[in-house]
Structure formats: structure tokens, C-alpha cells
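Remarks on the structure that follows.
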2 protein chains.
Amino acid sequence: MGVGQEDRSAAVRAEHLRKGSNTSMRATFMHGPGDVRVEDVPDPRVERPTDAVVRVVLACVCGSDLHPYRSAATTDEARPMGHEFLGVVEDTGSEVTGLERGDFVVSPFAFADNTCPICLDGFHTACPRGGWYGAGGVGGAQAEAVRVPQADGTLVKVPGDVDPALLPSLLALTDVYLTGHHAARMGRVGPGKTVTVIGDGAVGLSAVLASRRMGAERIILMGHHTSRTDLGREWGATDVVAERGEEGIAKVVELTGGEGSPVVLEAVGLMPAYEQAYGVVRPGGVISRVGVPQYELAPVGFGSLFGKNAGLTGGPAPVRAYLEQAVDDVLRGLVDPGRVFDAEVGLDQVADAYRRMDSRSNLKVVVRP
Amino acid sequence: MGVGQEDRSAAVRAEHLRKGSNTSMRATFMHGPGDVRVEDVPDPRVERPTDAVVRVVLACVCGSDLHPYRSAATTDEARPMGHEFLGVVEDTGSEVTGLERGDFVVSPFAFADNTCPICLDGFHTACPRGGWYGAGGVGGAQAEAVRVPQADGTLVKVPGDVDPALLPSLLALTDVYLTGHHAARMGRVGPGKTVTVIGDGAVGLSAVLASRRMGAERIILMGHHTSRTDLGREWGATDVVAERGEEGIAKVVELTGGEGSPVVLEAVGLMPAYEQAYGVVRPGGVISRVGVPQYELAPVGFGSLFGKNAGLTGGPAPVRAYLEQAVDDVLRGLVDPGRVFDAEVGLDQVADAYRRMDSRSNLKVVVRP
């Protein structure tokens with residue numbers, strides 16, 4: 001990394017800390033389906049001794065943000081949006097020992113203490129002291145700044161000075177890439193394995209990249225947006241199945257010698273994707289879900305999972321468990337998950353980012369406050 | 001094994017082969033709920049070159065036989081019953097090479113070719129050439145004799161002469177014990193693990209025994225029939241939770257330090273047991289089901305499995321995959337799964353066996369043709 005880059009990096013920090021002197025900031029709220037607004041709100045402050053406040057350098061819009069965008073009930077209570085961000089620490093609570101003002105940090109999409117037995121098991125998204133951005137009095141990350149509870153457990157410092165060209169890939173670690181990685185890990189992807197990935201969104205493509213990194217030999221990507229599946233091929237998909245439903249299932253079964261796919265990574269969260277998943281899974285195989293399910297009840301009986309001893313696994317990715325290693329991989333140039341970003345907007349244009357992703361004009365949009 | 005035992009063993013075989021000279025036999029059929037009858041039917045014969053006909057020495061009634069006993073539709077078509085048996089080979093088809101008349105054999109509850117890729121993976125119950133006793137033109141095992149398709153792949157010869165005292169334990173291998181074993185195996189039970197078993201039927205108790213054999217350190221048995229949970233304790237249960245529903249869930253969560261059970265073996269198949277399972281499972285843990293689900297739809301979304309990254313696995317046990325090792329374990333006296341049998345009837349009293357098991361007067365009843 002050259003001197004010029006160090007200078008740029010230092011300049012980025014200084015600029016973001018300077019912004020922190022404001023007493024109000026701009027933040028994104030959803031008021032109802034399709035109704036995303038950027039509004040002035042008070043600057044977040046340290047409320048508990050374990051909090052930090054982070055000035056946001058980059059945020060983005062998630063596929064899961066589109067679920068309420070399409071179907072949220074209109075309520076009086078506006079919902080703070082955004083859970084993926086990189087930023088600079090602006091303030092820390094009295095019990096925060098591992099961070100200081102000026103640190104450049106990456107946050108997982110959920111906060112956690114990183115010390116309880118559940119976190120030590122590697123399931124940070126179920127941490128009893130953890131939670132979600134944009135809920136329970138914690139703001140969203142599509143904003144100029146955000147309060148981070150359990151800051152010592154949650155935030156990972158990026159060592160040294162960061163090449164700005166790597167920022168999109170670091171941003172992708174906060175959710176989509178490590179969600180794809182979690183899908184692959186829970187599906188026990190490994191060398192020589194055949195894997196079917198359902199969904200060509202940012203998470204599905206990330207699951208392709210992660211599966212290839214774990215040594216999968218054959219990666220069948222189910223998706224029908226050519227511009228996306230083309231990136232999937234670059235990242236390691238050996239086959240693309242554009243057909244959906246029964247036709248898509250038949251194609252995957254045919255591609256796997258009539259037996260089905262031993263590992264299925266479901267990166268959508270809608271019932272048709274789940275149905276495809278149990279349709280293509282091989283007897284004794286596993287379906288690993290990371291698309292947030294937009295259903296509670298699903299088929300699991302003799303005719304779907306049980307009869308063929310198919311397993312179901314997955315859940316919200318414990319990004320924190322994988323984050324340090326992944327930051328290192330990005331800094332060393334071993335993965336480039338930031339390629340899922342194909343547009344950037346300023347914070348005031350965030351509603352446009354939602355529109356573009358909803359219409360599939362863009363895959364994933366960076367928001368720069 | 002003494003000479004007397006060898007004589008008895010030889011006598012058993014001769015007697016069973018002599019019976020084979022009849023041209024009709026007695027077999028069990030279910031005509032509707034609670035309507036079990038023993039009827040005269042033609043002796044089974046070799047129909048395909050891969051078939052064998054086995055004269056039944058011992059059969060039994062399964063917990064899963066009670067599902068139709070309680071709720072089967074009354075139809076004109078009587079349903080042949082029974083899928084657990086030991087017997088003596090009476091006849092073999094022209095392509096059967098590994099068996100001959102007089103061999104004493106144990107059958108898994110499902111037949112399979114044991115050579116296809118799915119069987120080689122160890123999931124025999126999904127073998128494309130496999131199937132179930134009592135369906136598709138194959139008779140049931142609560143009968144004097146049964147035709148066994150894919151005989152070379154299905155039947156396991158018991159080497160040497162068999163001590164009659166071991167017959168119940170060999171009979172338990174045909175389904176319940178190895179179904180409990182499968183639950184534990186799919187749940188990745190291992191040394192030091194904490195396991196919760198839901199259900200104190202023969203399969204649940206077998207799951208306790210199998211978990212202990214695999215080194216589980218703590219085994220919490222959820223069941224409220226003291227005579228059964230007592231056997232569970234003998235077999236390795238360290239805690240018994242008699243409470244059900246929310247109360248039972250709270251008890252198990254309390255017993256596991258507030259975090260839940262990393263492994264849950266569900267050996268019932270009814271929705272309340274499934275609900276208990278996702279209630280007690282620890283984040284990142286696994287629910288392994290082997291009770292045949294009497295439901296198709298079940299909660300799997302954010303509020304049940306997904307939110308805590310809980311896995312769901314299991315299915316019909318591929319008994320054949322485990323049978324040779326288990327026969328050896330029984331013959332060496334390492335396990336005594338036959339203790340689940342607490343009564344024996346003759347074939348003509350089979351309806352009584354159903355009644356006794358349905359009323360829970362007996363745990364599991366041997367049927368001796």
C-alpha cells in the first residue's frame with residue numbers, strides 16, 4: 001500500500017469524525033411498502049457503557065430490506081433501515097476496552113457480546129445480549145452514524161490503512177458474503193462436493209464464491225438473470241439452471257445423475273425456493289437456508305424432507321464468527337465479494353437504491369452518507 | 001454356546017422349514033381403525049429372481065403400526081401388517097447368490113439393493129429399487145412367511161448358531177434399536193454431548209441406549225410412563241422430565257443452563273413432540289427425527305428453527321447400513337435392545353398385541369407365528 005493510499009485513508013477518517021460534530025444527522029426510515037424516506041434525527045449517542053457510536057463510511061441496501069419494502073404494514077411507527085456498514089469509531093462507552101475513537105471498523109449485521117456460551121459456539125445471532133440494527137431502540141445503518149451495542153464484541157477493527165478499492169469487499173462481509181459462507185459451512189461444503197445454490201441475488205452469488213473457496217467441485221446455480229449468473233460463473237458456478245419450479249427441479253436431478261444434489265444452499269427465503277430445495281436435494285443430503293424465510297410453516301413430512309432423510313439447516317449468519325478471517329482474506333486479495341455492488345448512491349438517494357434493487361435494475365447498491 | 005443350544009437352533013430351523021410345505025399361511029391384515037385380523041392367504045412365493053421367501057421365526061408390533069390402528073381409513077383393501085422379523089430362508093430366486101435355504105436371517109424394516117449409489121451413501125430407505133413390507137404387492141411380516149425383494153441386498157445372515165435368549169435383541173435390530181441409533185447418528189451424538197430424547201416408547205428408549213453407546217455424557221429423557229423411563233435410566237438417561245408442553249420445555253431449558261439442548265432426538269412423530277423439540281433445542285443445535293411424522297407442514301421459520309440456526313435431520317432409518325455391526329454387538333453381548341419387549345403372543349393373538357400396545361399396557365409385543 002503506497003503513501004498516497006495511507007494519506008487517503010487518514011483523510012477519510014478525519015472527514016468522518018469532523019461530520020460527527022453535528023447534533024443531528026440524516027437516517028433512513030421505512031414508513032410503509034415502497035415508502036422509504038431520509039429524515040433528520042438526533043445524532044446517536046453512547047447510551048450504555050458497552051456502546052460505541054460509529055460514523056458510517058459506507059452502507060448498503062440488503063435483499064432482506066426488500067421484504068418489508070414489498071409487504072410491510074403501513075404504521076405510524078417508522079422503521080429505521082440498514083444493517084450493513086463500515087465506519088469510524090466516534091465515541092465509546094466507559095466499558096469498551098478494545099476500541100478507540102478513530103478506529104476503522106466493520107460491523108456484522110447483528111450485534112453480540114462475543115463472550116457468552118452461544119457466541120463461543122459460533123452462533124452470535126442468537127446471543128442473549130445481542131440484537132438487530134433498526135430494532136429495540138437501536139438505529140439503522142443507512143444513516144450518517146449508528147449506535148453499536150456490545151461494541152467490543154461486535155466490531156472488528158481493520159488493521160493498518162485500508163486501500164479504498166477494498167472497501168466494497170469489506171462492506172460485502174457485513175452480511176451477504178458471510179451469509180453465503182454460512183450457508184456453505186452449515187451445508188458442510190467441502191472438497192469434491194456437488195452443491196446447488198438456489199437464487200442469483202447477492203447472497204446466492206456469495207454462496208457460489210464461498211462454496212468454491214471451500215473446494216466444491218461442482219456448483220449448480222439456479223437463477224435466471226443472465227447478468228447475475230454470469231458473475232456466478234466467474235465465481236465458480238459450473239452449471240446454471242434458468243428453469244424454475246418442477247422444470248428446474250427436473251433439470252438439477254438430471255444434472256446429478258438422477259439422484260439429486262447432496263448439498264442445497266437456499267438463498268432466497270420464499271416458499272417456491274424452499275420447494276425447489278427439497279425437490280432437488282439428494283436422499284441423505286442437506287438443505288442449508290440463509291434467505292430469511294417469509295413463511296413459518298413449510299413441508300417437512302414424509303413427502304418432503306423426512307422420507308428421504310434430507311436435513312434442513314441454516315439461519316441468520318453469525319457473521320462475527322467468520323469476520324476476522326474474512327477481513328484478512330479481503331486485505332490479502334484472496335476474495336473479491338464486493339463485486340456484488342453494481343451502483344452507488346448518496347444517502348439522500350437511498351429511496352432510489354431501493355427502487356433499483358426492487359426492479360432488479362441493480363444487484364446491490366452502496367449507500368455513501 | 002453349548003451343544004444343547006446348537007441342537008435347539010437346528011431344531012428351530014427344521015421346524016420352520018417343515019411348516020413351509022403348507023400351501024397357505026396365516027397373515028395379519030388391518031381392515032380399518034382397531035380392526036386387525038389374522039387370515040388365511042396363499043404362501044408367498046419367489047416372484048422375481050432377486051426374491052427370497054423367509055419363514056418367520058419372530059415378528060413384532062411397531063409403534064408405527066399403531067398410527068393406522070388409530071386412524072386408518074376403513075377400506076375394502078385390507079392392509080398387510082408387520083415389517084420387523086427374523087426368520088429362516090425357505091426359497092431363493094435364481095439371481096440370489098448370498099443366501100441359501102436354511103440360513104437364519106435378520107431383515108431391516110425396508111428392503112433395498114445395497115448396491116446403488118444411495119445405498120452406498122448409507123441411505124437404504126431411499127433406494128430406488130427398495131420398498132416397504134406390506135405395500136406394493138409385498139406381504140407383511142406379522143405372518144408365517146414373507147417374500148423379501150432384493151434379498152441379497154436386504155437380508156443379513158446371523159453367523160453360527162444363535163442362542164435363543166438373544167432372539168429378542170436381534171428382533172429389536174430390525175427397527176426400533178437401529179432407528180434409535182439412526183436418530184443419534186444423524187444428530188451427531190458423540191463423547192461428552194448433552195442429548196434430549198423426546199418419547200419413552202421403544203424407539204425413544206433405544207435412542208437413549210444408542211446415545212450412551214456413542215458416549216453421550218448427559219441424556220435427558222422426556223417421558224411420563226415411569227415403567228418405561230425406568231428402563232431409560234438403566235440404559236443411560238441421566239435426567240427424566242415427565243412434564244410436557246411448555247412446562248417440559250422450561251424444565252429442559254433449565255436443566256441445560258438456560259441454553260437448551262445441543263442435540264434433540266424426536267422419537268414420537270406427533271406435532272406436540274415436534275413443538276417440544278424446537279422449544280428445547282439450543283441455538284445451533286440439531287433436532288433428529290425418527291418418529292414417522294403424522295404431519296406434513298410444521299413450523300420451520302424465524303420463530304422456530306431458522307431464528308436460532310437449529311437444524312432438522314432424520315428420516316426412516318437405513319437399518320441395513322448398521323445391521324451387520326449391530327448383529328455382531330448383540331452376539332457379543334454388548335447391547336441388549338431386546339429388553340423393550342415385555343410380552344409375547346402367538347400369531348392368532350396379534351390383535352391382542354395391538355390392543356395392549358395401544359392401551360400402553362405393554363411397551364412392545366413379540367409375535368411368534
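The values are calculated or read from the model by the stated rules, or taken from the named source; none is laboratory data. All of these numbers come straight from a predicted model, not from anything done at the bench. Neighbour counts run over all protein chains shown; Cβ positions are idealised from the backbone, glycine included.
So if I check each of A:W132, A:W235, which one is under 20 Å from the mean Cα position of the chain (by Cα), among the aromatic types (F, W, Y) and under 30 Å from A:F29 (Cβ atoms)?
Details: A:W235 fails: under 30 Å from A:F29 (Cβ atoms).
None of the others qualify; the one that does is A:W132.
Within the range B:110-134, being assigned to a loop (DSSP other than H, G, I, E, B), within 14 Å of chain A (Cβ to nearest Cβ) and within 23 Å of B:S169 (Cβ to Cβ) holds for B:A112, B:G122. Restricting attention to the range A:285-297, the residues that are within 18 Å of B:S288 (Cβ to Cβ) and within 7 Å of chain B (Cβ to nearest Cβ) total 1.
Does B:V300 count as more than 13 Å from chain A (Cβ to nearest Cβ), at negative phi and crowded, with 21+ Cβ neighbours inside 10 Å?
Numbers: more than 13 Å from chain A (Cβ to nearest Cβ): no; at negative phi: yes; crowded, with 21+ Cβ neighbours inside 10 Å: yes.
Spelling it out, it is not the case that B:V300 is more than 13 Å from chain A (Cβ to nearest Cβ), at negative phi and crowded, with 21+ Cβ neighbours inside 10 Å.
Looking only at the range A:135-156, which residues are under 18 Å from the mean Cα position of the chain (by Cα) and not in a helix (DSSP H, G or I)? The answer is A:A135, A:G139, A:G140, A:A141, A:Q142, A:A143, A:V146, A:V148, A:L155, A:V156. Residues that are touching an Asp or Glu at 6+ places or on another chain (Cβ under 7 Å), farther than 21 Å from A:D328 by Cβ and without any contact (Cβ under 8 Å) to a residue 60 or more places away in the chain within the range A:82-134 comprise A:T92, A:G93, A:V96, A:T97, A:P117, A:I118, A:C127, A:R129, A:G130, listed in sequence order. Restricting to the range A:316-337, name every residue that is crowded, with 20+ Cβ neighbours inside 10 Å and away from chain B (no Cβ under 14 Å). If the condition is that a residue be crowded, with 20+ Cβ neighbours inside 10 Å and away from chain B (no Cβ under 14 Å), then A:L323, A:A326, A:V327, A:V330, A:V335, A:P337 are the ones that fit.
Kindly check whether there is at least one residue in the range B:337-350 that is more than 28 Å from B:P128 (Cα to Cα), touching a Cys at 6+ places or on another chain (Cβ under 8 Å) and modelled with pLDDT of 95 or more. Steps first, answer last, please.
Of the range B:337-350, the ones more than 28 Å from B:P128 (Cα to Cα) are B:337-350.
Cutting the leftovers down to touching a Cys at 6+ places or on another chain (Cβ under 8 Å) gives us B:341.
Pick out the ones that are also modelled with pLDDT of 95 or more and you get B:341.
Taking every residue of the range B:337-350 in turn, at least one turns out to be more than 28 Å from B:P128 (Cα to Cα), touching a Cys at 6+ places or on another chain (Cβ under 8 Å) and modelled with pLDDT of 95 or more.
Is it the case that the range B:74-93 has a residue that's part of a loop (DSSP other than H, G, I, E, B), assigned by TED's automatic domain parsing to the domain that holds B:G32, of a type in the set (S, T, N, Q) and at pLDDT below 95? Don't jump to the end; show me each part of the working.
Let us first name the residues in the range B:74-93 that are part of a loop (DSSP other than H, G, I, E, B), namely B:74-78, B:81-84, B:93.
Keeping just the survivors that are assigned by TED's automatic domain parsing to the domain that holds B:G32 gives B:74-78, B:81-84, B:93.
This time we only want the ones that are of a type in the set (S, T, N, Q), so: B:74-75.
Filter once more, so that each one left must be at pLDDT below 95: B:74-75.
So far as the range B:74-93 goes, yes, one or more of its residues are part of a loop (DSSP other than H, G, I, E, B), assigned by TED's automatic domain parsing to the domain that holds B:G32, of a type in the set (S, T, N, Q) and at pLDDT below 95.
Within the range B:246-264, residues that are at the interface with chain A (Cβ under 10 Å from one of its Cβ atoms) have Cβ atoms under 7 Å from residues that are of a type in the set (A, V, I, L, M) in these pairs: B:E259/A:I118; B:G260/B:V253; B:G260/B:V280; B:G260/B:V281, counting only partners at least 6 apart in sequence or on another chain.
When B:T50 is tested against (1) touching a residue at least 60 places away in the same chain (Cβ under 8 Å); (2) in a strand (DSSP E or B); (3) more than 22 Å from B:Y177 (Cα to Cα), just one condition goes unmet, and that condition is (2). Checked against the criterion of being in contact with a strand residue (DSSP E or B) (Cβ under 8 Å, 6 or more places away or on another chain) and surrounded by 22 or more Cβ atoms within 10 Å (Cβ to Cβ), the range A:338-350 has at least one qualifying residue.
A:G279 satisfies every condition listed in (1) in contact with a helix residue (DSSP H, G or I) (Cβ under 8 Å, 6 or more places away or on another chain); (2) free of Cβ contacts under 8 Å to residues at least 40 places away in the same chain; (3) more than 27 Å from B:S64 (Cβ to Cβ); (4) more than 8 Å from chain B (Cβ to nearest Cβ) except (3).
Can you name the residue in the range B:161-179 that is in contact with a strand residue (DSSP E or B) (Cβ under 9 Å, 6 or more places away or on another chain) and either farther than 21 Å from B:A202 by Cα or of a type in the set (D, E, K, R) (or both) and, of all such residues, is surrounded by the fewest Cβ atoms within 10 Å (Cβ to Cβ)? Result: B:D161.
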